[in-house]
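Report on the structure given below.
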Amino acid sequence: MTVVTEELWAAFEKSRVPQLLILAVSAKMLASFSLTSFLPIWFARTGLHGYTNDAYAFWNALAVSLAGLLSVSLGSVLGQTWSRVDVCAPCYVGMLGALISLPLLAIMLLTQWFRTALLCYFTMLVVGEAWFGPTMTLLQKAVRKSVAGQATSMMLGIATLAGNLGPAIIGILDPGGVNIGVHLLWICSTAQVLAALSFYWTYREITVDPVSVTLGLSQDVGVRAACLSWTIRRLDPNSQHIPVWETCLKVQPDSLIYLGFM
């Protein structure tokens, strides 16, 4: 148990990808927990055109259930197909989802029509929550396989604790009227911007150090050399770089086994 714990902490300390993913997931959960906790109260207080308690109970349950199914499917499809072309695909999914959520969040909290608000909420759930599956896959690629499961549990635990800060802050600042929507808007918008930036920083980190998400072999010098050669080729196809196989043989012959060349 001690060995696994030490290896887990080492994986998070030596690679910035897991650290940035924790920041991104924490921000997404902060926005999600805040809306889940106080959006029903906001609907009840604002009295939007077309709102009734029965209508909200029915349509909100349907929207959340259907949006959850669609977001998982969307994330799975995008993660599997896009990742085959670019390892940074989970970062794109998370970043685009967070950015698209910003105008939807603003329209939802500023409109005077119940149907418009609920439609924006549904769309935001579908697009904005598609990050989950691809991000978990990316995290497991960024750490050694021996601690991939523990890394996922650790990230979700930290993100859940951080995410609960949102409802706590809104609860403290809640004036007891319709102005609770203002606090929902700025807190959730800030969280979405932070999430988008975190996914972008993760993308930049992967671009600089592709081995950080290559089979969890961040300590393999041969694989690092191979990925460095791949990076040079990607940035400058005409560069006179050392071939991948030759680099691996000079640094560490066994690395070819990990890359599938032997």
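Here is how the numbers come out for the structure above:
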| item | result |
| --- | --- |
| Test: residue in the stretch 88-95 that is surrounded by fewer than 19 Cβ atoms within 10 Å (Cβ to Cβ) and hydrophobic (A, V, I, L, M, F, W, C) | no |
| Filter pass, LEU165 being surrounded by fewer than 22 Cβ atoms within 10 Å (Cβ to Cβ), under 28 Å from SER15 (Cα atoms) and in the same structural domain as LEU69 (by TED's automatic domain parsing) | yes |
| In the stretch 102-151, residue surrounded by the fewest Cβ atoms within 10 Å (Cβ to Cβ) [restricted to those that are of a type in the set (D, E, K, R) and assigned to a helix (DSSP H, G or I)] | LYS145 |
| VAL87 in contact (Cβ under 8 Å) with a residue 24 or more places away in the chain, more than 19 Å from LEU62 (Cα to Cα) and part of a loop (DSSP other than H, G, I, E, B) | yes |
| Scan of the stretch 42-56 for residues that are part of a helix (DSSP H, G or I) and within 20 Å of LEU184 (Cα to Cα), ordered by number | TRP42, PHE43, ALA44, ARG45, THR46, TYR56 |
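The values are calculated or read from the model by the stated rules, or taken from the named source; none is laboratory data. Note that the structure is predicted; figures quoted are calculated from it, not measured. Reconstructed Cβ throughout: ideal geometry from the backbone, glycine too, with neighbour counts over all protein chains shown.
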